[in-house]
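Below: one structure, written as structure tokens.
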């Protein structure tokens, strides 16, 4: 199987701080980690390789220092790391990010399955995975908690719903986004860590991809963040004392006055 | 303090620290209570290539040495010395094969150990502890086999390990020179296990009797030559004692970490108790003693790795100093925790119970002092200074 895992470098969620003026993440002094949900995607990719053979390519879009998360993925058993990085990508929203990653994945030939974490712990949009699938025009299954079987170009997959789970059969290639119930990620072995240290990370820029420039970065992003804030805590409600009839009358009066 | 560890050693330390935080600490208190053997943690250690740390690359290991082993043992012991012992006890059990094994024996057993097969070392008997010369277990040669009879006691990893290195007398009339070292595999007819001991500390570790009743093993399982048993055992202890020192350093460090955390949070007289000089002096002394022990352990380990010929004295010193230090430091940690230090809901008392064994096993600290003194006196009388 030819597997691609998409990951994102995020600030350690236990230490996230927002710049109140620019509404962007304060990255200084904050440790960067692999988005926690993506660690499950990496583990699942490596497990599929161990089950069916093949290769796992891990890919991330981000600044040059995002190379660190690719090396960590290789220490867990991924075979190759691709860093998609260019100043032209700066300011990408989820649409532009999905487009750029889709073009990068297109450069890797004959991909059978793309695995993403269900969402990133910093933006929490859960849009990039589905965005990639849409751009590549392949089926997508979100919130996957188990891959039951893969045979004859088809995958049988369990996806979480609020009430329980659904079993979905999809043709391949396909894209899945995974939840943390899917596996227990391994601790990278010593040999894995040593291999990761020596691994050559591929670096792809905009010119390396078959790509339309006006769909990249800020230009290609129809959405932007206007404000990030912590919602104020819900104010305390008013309690009406007394017997039910009296309370109901008081409530109706108050509502009437409120409407004016 | 910076010990100028290699890049790989730092990698080993970080990996073992991660395993300790994520896999050992969460189960330490429970296994201490139930005395259950930590098979799942052993598997994590094996999958992370750590059982191969001290085994040559040609046998599937990482080709590291005693310092690498000490770093791993120290980190694991910071979380739980009992769980760490499943690992360190395997190193002890395989040492005789590393020291005296021929090519066939190494090729047969080392790759299995590198993958995580547990080992155990058997020398102690009910009547032969510090006085190993009193060994009663016998090995009688019959054709292509040896027949083992006797009982070993207090054997770390007993019953859980698959590979055992065992001392038995091939010629009782020759005393210590009549002892030999054998490899015995679990499942060999005539080899069974006796009672599992219930212990004060290191309770996640299995300590059990080995019973040999006409246990027939192929003659190829003799390590070295007949009569070399005690020499191999002494060389084994020279290699393994810094590991006990590392275990003691880890236990002490774990108790200091916990005591420091507690002292910062515990408020009395309106202030955290860490702001009181009485507590501060204790913390400072604990940290200094730990660092001194660590420096001695690492120096002894480096000496072995560098191939220095006579390491007996420095290995004994590392074990002696670190284990006595661990006992003092863990008692102080309980004191800093006050009443909470005495109850099992907090980790301090476990570190104290675990520390005690490091003063006793692999040669009591009285035996270590004998070894050190004998070496000092011999050196002086031989005129070499």
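The values are calculated or read from the model by the stated rules, or taken from the named source; none is laboratory data. Nothing here was measured: the structure is a model prediction, and the numbers come from that model. Cβ coordinates were reconstructed from backbone atoms using ideal geometry, including for glycine residues, and neighbour counts include every protein chain displayed.
Figures for the structure shown
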{"read-out": "From B:274, B:315, B:323, residue being out of contact with any strand residue (DSSP E or B) (no Cβ under 8 Å at 6 or more places or on another chain), outside any loop (DSSP other than H, G, I, E, B) and more than 24 Å from residue B:66 (Cβ to Cβ)", "value": "B:274"}
{"read-out": "Tally, over the range B:26-49, of residues that are within 14 Å of chain A (Cβ to nearest Cβ) and closer than 25 Å to residue B:196 by Cβ", "value": "8"}
{"read-out": "Only listed residue being within 17 Å of residue A:197 (Cα to Cα), surrounded by fewer than 20 Cβ atoms within 10 Å (Cβ to Cβ) and touching a strand residue (DSSP E or B) at 6+ places or on another chain (Cβ under 7 Å), chosen from A:67, A:72", "value": "A:67"}
{"read-out": "Some residue of the range B:130-137 being touching a helix residue (DSSP H, G or I) at 6+ places or on another chain (Cβ under 7 Å), modelled with pLDDT of 95 or more and in a helix (DSSP H, G or I)", "value": "no"}
{"read-out": "Which numbered condition residue A:102 fails, given (1) touching a residue at least 40 places away in the same chain (Cβ under 8 Å); (2) crowded, with 21+ Cβ neighbours inside 10 Å; (3) outside any loop (DSSP other than H, G, I, E, B)", "value": "(1)"}
{"read-out": "The one condition in (1) within 18 Å of residue B:154 (Cα to Cα); (2) touching a residue at least 60 places away in the same chain (Cβ under 8 Å) that residue B:197 fails to fulfil", "value": "(2)"}
{"read-out": "Some residue of the range B:124-143 being away from chain A (no Cβ under 14 Å), under 17 Å from the mean Cα position of the chain (by Cα) and surrounded by 24 or more Cβ atoms within 10 Å (Cβ to Cβ)", "value": "no"}
{"read-out": "Of all residues in the range A:151-209 being more than 22 Å from the chain's Cα centre (by Cα), under 30 Å from residue B:49 (Cβ atoms) and away from chain B (no Cβ under 14 Å), the one that is surrounded by the fewest Cβ atoms within 10 Å (Cβ to Cβ)", "value": "A:200"}
{"read-out": "From the options B:72, B:86, residue that is outside the structural domain of residue B:235 (by TED's automatic domain parsing), touching a residue at least 40 places away in the same chain (Cβ under 8 Å) and under 21 Å from residue A:197 (Cβ atoms)", "value": "B:72"}
{"read-out": "Per-region count, the range A:19-46, residues assigned to a strand (DSSP E or B) and at pLDDT 75 or above", "value": "3"}
{"read-out": "Boolean, residue B:52 is touching a helix residue (DSSP H, G or I) at 6+ places or on another chain (Cβ under 7 Å), surrounded by fewer than 18 Cβ atoms within 10 Å (Cβ to Cβ), within 11 Å of chain A (Cβ to nearest Cβ) and touching a residue at least 12 places away in the same chain (Cβ under 8 Å)", "value": "no"}
{"read-out": "Filtered residue count, the range A:77-99, keeping only those that are part of a loop (DSSP other than H, G, I, E, B), over 14 Å from residue A:4 (Cα atoms) and in contact with a helix residue (DSSP H, G or I) (Cβ under 7 Å, 6 or more places away or on another chain)", "value": "3"}
{"read-out": "Filter result for residue B:248 (assigned by TED's automatic domain parsing to the domain that holds residue B:336, under 20 Å from residue B:95 (Cβ atoms) and in a helix (DSSP H, G or I))", "value": "yes"}
{"read-out": "Scope the range A:47-64; condition within 17 Å of the chain's Cα centre (by Cα) and buried (at least 17 other Cβ atoms within 10 Å of the Cβ); matching residues", "value": "A:57, A:58, A:59, A:60, A:61, A:62"}
{"read-out": "Filter result (away from every other protein chain (no Cβ under 12 Å) and within 20 Å of residue B:86 (Cβ to Cβ)) within the range B:56-70", "value": "B:66, B:69, B:70"}
{"read-out": "Any hit, the range B:217-233, residues being closer than 28 Å to residue B:358 by Cβ and in a strand (DSSP E or B)", "value": "yes"}
